[in-house]
Amino acid sequence: MPRRLFHFDPPDRFVAGTIGRPGNRTFFLQARRAGQVVSVVLEKVQVAVLAERLGVLLDELEVRGIALPTEEVVADSSPLDEPISETFRATTLTLGWDGDAEQILVEARAETDDNEDEEGADADEADDDEDEAEVIDLSAVEGMAGSPAGELLAAFEGIDDDELEGPDTLQVRLTVEVARAFVNRALEVVAAGRLPCPLCGQPLDPQGHICPRRNGHYVN
């Protein structure tokens, strides 16, 4: 089917955020430039892994002196831009490093046609669902083989702009400063969910939960 390509180079804003109450949140990646806003739905685990591995990449770049921060970016704690309309649901995220431009590349792709029928009624997942998700295609920053980042990231292989068929795709290019600010906010968003049970560590619902450490009794 014809694909939609949303390319932000650079975005005015690129953040992870949520709507809904803890325990029933929907997670978004949202990119904005001028009057264009793209909101991509994804799983909590995808946000967590994206933030973690993007942080690893940034740390490795800084250690190697490849891309050092040159300015301070003000933390973005504002809500997602309204109106929030789901552009597509991401199933695959890809990270990369453009050494010539000294930019981080983030790409989110929708489900391919081959797997669309398998989504069905499970499209909306709860905040703390532990199911496995297709989180990230990982590959390499050139010259980092064998390093922690080299094991996670490889040469960025984005979709050719001339390809007319394929999954809907969001492509974003970030400076290292903006990427670091994205990581910090994303980690805060993930951590802002339900409080853990003091006994078993599982997330507590507002009314409590059935705790295995209390022989199936409720813990509030």
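In the context of the full set of protein chains, the stretch 5-55 has a per residue accessible area of 38 Å² (1.4 Å probe). Here each label is just a point 7 Å from Cα along the line to Cβ, and for D12 and D98 those points are 2.1 nm apart. For G23, the residues whose modelled amide H falls within less than 5 Å of its own, excluding neighbours fewer than 5 places apart on the same chain, are D127, R194.
Nonpolar atom fraction for the stretch 28-97, defined as the carbon and sulfur part of the 1.4 Å probe accessible area, stands at 50 percent.
The simple Förster model, with R0 at 35 Å and r as the Cβ-Cβ distance, assigns E86 and R64 a FRET efficiency of 0.35.
How long is the gain from S77 to R4 if the chain were fully straight, where each residue apart is worth 0.36 nm and the alpha carbon distance is subtracted? If you can, show how the numbers build up before the last one.
Values: separation 73, 0.36 × 73 = 26.28 nm, distance 2.90 nm.
Here the answer is 23.4 nm.
The values are calculated or read from the model by the stated rules, or taken from the named source; none is laboratory data. Bear in mind that the values here come from a model prediction, so they are computed numbers and not experimental data. Neighbour counts are summed over all protein chains in view; Cβ atoms, including those assigned to glycine, are modelled from backbone coordinates with ideal geometry. For the accessible areas, the whole protein counts, side chains as well, though only heavy atoms, and no ligand, DNA or RNA atoms are used. Shrake-Rupley method; radii C 1.70, N 1.55, O 1.52, S 1.80 Å.
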